[in-house]
Protein chains: 2
Amino acid sequence: MGEMRKVLVTGAAGQIGGIVRDKLGYRYELIGLDRVDCGWHRSQVADLADFEAIRPAFEGVEVVVHLGADPSPKASWESVLDNNIVGTRNVYEAARQAGAKRVVLASTNHVVGFYPLKDDPYRAIYEGRLSEVRRPFRMLDQRDMRPDSLYGVSKAFGESLGSFYHDEFGLSVICLRIGWVMTPDDPAFHPAALSLWLSHRDAAQLISKAIDAPSSAGYAIVYGMSKNELRIWDIEEGQRAIGFSPEDGAGEEWTTREGMSGFMGRVF
Amino acid sequence: MGEMRKVLVTGAAGQIGGIVRDKLGYRYELIGLDRVDCGWHRSQVADLADFEAIRPAFEGVEVVVHLGADPSPKASWESVLDNNIVGTRNVYEAARQAGAKRVVLASTNHVVGFYPLKDDPYRAIYEGRLSEVRRPFRMLDQRDMRPDSLYGVSKAFGESLGSFYHDEFGLSVICLRIGWVMTPDDPAFHPAALSLWLSHRDAAQLISKAIDAPSSAGYAIVYGMSKNELRIWDIEEGQRAIGFSPEDGAGEEWTTREGMSGFMGRVF
């Protein structure tokens, strides 16, 4: 038995932070960082926008899981600038200075969010007009970029800054374009949710695979959704890059589950 | 004869600003904006990081040519944050609020700059090891993203923010991944320059085509280099998107011109 990896989790007080604590606490030596008290066994309170305040938390850390952000697609520019842009730069820089091996960035489907808001077949899937969807269609991939919000723009920034930190400094950066982690863990209330769903179990696997992937993973962008039949993203790349293999997945038959029928009826 | 388009040029005091003034001043009603006095007939001094200070300059403007930035690949994070990130957001937002139709963003080859620093055949071309280059090879395209500097990251941010402003607000945004505009206007001193060269004449055409392209151009990313034989970017997309058709171009025989032989000799 070797020592457990020392993993710093920013945004530890958030929903995904809680999943990391509950499902991965046995695997890693976890340290929580948030601007509010996350209540973890080991934790620190500091604002990501304050570089000097967060630096001490990075000492001796091997991997940083960077979840901390203003996650609202309606977030203002001022909030996005401080929390997501400056905050993410501070996380990369503190990780680099501390000699960390890797940053796992919680990116988001919102970096490509205007495809399903504007273009078929993605839009038809989100709106439940499934009879209009012609298969096969091109899955959105790692090179697509069409943010639907300042939040999405800030995560695209996090990806490209991560690419720079990898090429320039050798820091491994795994960007997870996370779908929709929801509580309760059941997407059967909207076709877009059936497409975007990342189950709690798959979220834990995704983050764990991103932490544990060999250093040869280098820089990667990985879509993080469960194996949903209505998915519109290339999740196979996640298998190649870090070994992510989702165990859950919503099937198209879920569109007829109780609670969905009313919605699908309105759309058709 | 209709009225001339009213075009605001940020960073007017810079090298490319001077080319716009000298070569396009007869076509447009130009207004220069810079944090130093650019000396144009109509101009305003303000810092792009100060939103309220720059707002008045956007009144009644149809197209904004956004050249203003810290253009150094060695620029610090603090300078990039203020001048390029906050400054570019302020330009889009002021353009939107003023009802401008389009922003032409001076992006840069540095958004994909780590390809020629790291990967063959791009690197071999930049270093003059031309006998090692197997053709055809994949040209870098609009979907590639591999910034080589905080400057490059900030321009990638400008591109994705422009994509958002286009989809969300209908603002047309043309991103020009500009090569290397040099003075004197002669690239025959280094193989990388032969690859990156954008002649003054082609720079003026590029910006003019970006200003005049029909509104159907919408959002586009266009590589801005002359038709150099050693190019590594897809410049054909610029023809399709905005009608850019470079008139100049360095041929491979330029590698044997006076001044080059010493360099090529050292590299081989």
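Against the test of being more than 17 Å from the chain's Cα centre (by Cα), within 30 Å of B:ARG123 (Cα to Cα), within 14 Å of chain A (Cβ to nearest Cβ) and not hydroxyl-bearing (Ser, Thr, Tyr), the options B:LEU81, B:LEU105 yield a single qualifying residue, B:LEU81. Of all residues in segment B:209-246, exactly one satisfies the criterion of being under 16 Å from the mean Cα position of the chain (by Cα), hydroxyl-bearing (Ser, Thr, Tyr), surrounded by fewer than 22 Cβ atoms within 10 Å (Cβ to Cβ) and within 26 Å of B:VAL61 (Cα to Cα), namely B:TYR219. Of all the residues in segment B:1-20, those that are closer than 18 Å to B:GLN205 by Cβ and within 16 Å of the chain's Cα centre (by Cα) number 7. Considering only residues in segment A:56-72 that are crowded, with 24+ Cβ neighbours inside 10 Å and not hydrophobic (A, V, I, L, M, F, W, C), the one that is farthest from the chain's Cα centre (by Cα) turns out to be A:GLY68.
Look through B:GLY60, B:GLY14 and report the one residue that is on the phi > 0 side of the Ramachandran plot and touching a residue at least 12 places away in the same chain (Cβ under 8 Å).
B:GLY60
Of all the listed residues (B:ALA53, B:ALA75), the sole one being free of Cβ contacts under 8 Å to residues at least 24 places away in the same chain, surrounded by fewer than 19 Cβ atoms within 10 Å (Cβ to Cβ) and more than 12 Å from every other protein chain (Cβ to nearest Cβ) is B:ALA53. Among the residues of segment A:208-228, some residue qualifies, meaning at least one is aromatic (Phe, Trp, Tyr) and more than 24 Å from A:ARG134 (Cβ to Cβ). Can you find even one residue in segment A:108-115 that is out of contact with any Pro (no Cβ under 6 Å at 6 or more places or on another chain), closer than 25 Å to A:ALA241 by Cβ and away from chain B (no Cβ under 14 Å)? Within segment A:108-115 (the criterion being out of contact with any Pro (no Cβ under 6 Å at 6 or more places or on another chain), closer than 25 Å to A:ALA241 by Cβ and away from chain B (no Cβ under 14 Å)), the answer is yes, since at least one residue qualifies. Being more than 16 Å from the chain's Cα centre (by Cα), at the interface with chain B (Cβ under 7 Å from one of its Cβ atoms) and among the aromatic types (Phe, Trp, Tyr) is the filter here; which residues of segment A:146-172 pass it? A:PHE164 - this is the single residue of segment A:146-172 that is more than 16 Å from the chain's Cα centre (by Cα), at the interface with chain B (Cβ under 7 Å from one of its Cβ atoms) and among the aromatic types (Phe, Trp, Tyr).
Working carefully through the options B:ARG177, B:ARG143, B:ARG135, find the one that is at the interface with chain A (Cβ under 9 Å from one of its Cβ atoms) and either more than 13 Å from A:LEU161 (Cα to Cα) or in a loop (DSSP other than H, G, I, E, B) (or both). Going through B:ARG177, B:ARG143, B:ARG135 in turn, just one is at the interface with chain A (Cβ under 9 Å from one of its Cβ atoms) and either more than 13 Å from A:LEU161 (Cα to Cα) or in a loop (DSSP other than H, G, I, E, B) (or both): B:ARG143.
When B:VAL91, B:VAL80 are checked against the criterion of being under 23 Å from B:ARG177 (Cβ atoms), touching a residue at least 24 places away in the same chain (Cβ under 8 Å) and either touching a Phe, Trp or Tyr at 6+ places or on another chain (Cβ under 7 Å) or surrounded by fewer than 18 Cβ atoms within 10 Å (Cβ to Cβ) (or both), B:VAL80 stands alone in meeting it.
Taking B:ARG89 as the residue in question, decide whether it is closer than 22 Å to B:SER43 by Cα, basic (Lys, Arg) and touching a Ser or Thr at 6+ places or on another chain (Cβ under 9 Å). No: the conditions fail for B:ARG89.
None of the figures in this text is laboratory data; all of them are computed from the coordinates on show. Keep in mind it's a predicted model, so treat the numbers as computed, not measured. Here the Cβ is made from the backbone with ideal geometry for all residues, glycine too, and neighbour counts use every protein chain on show.
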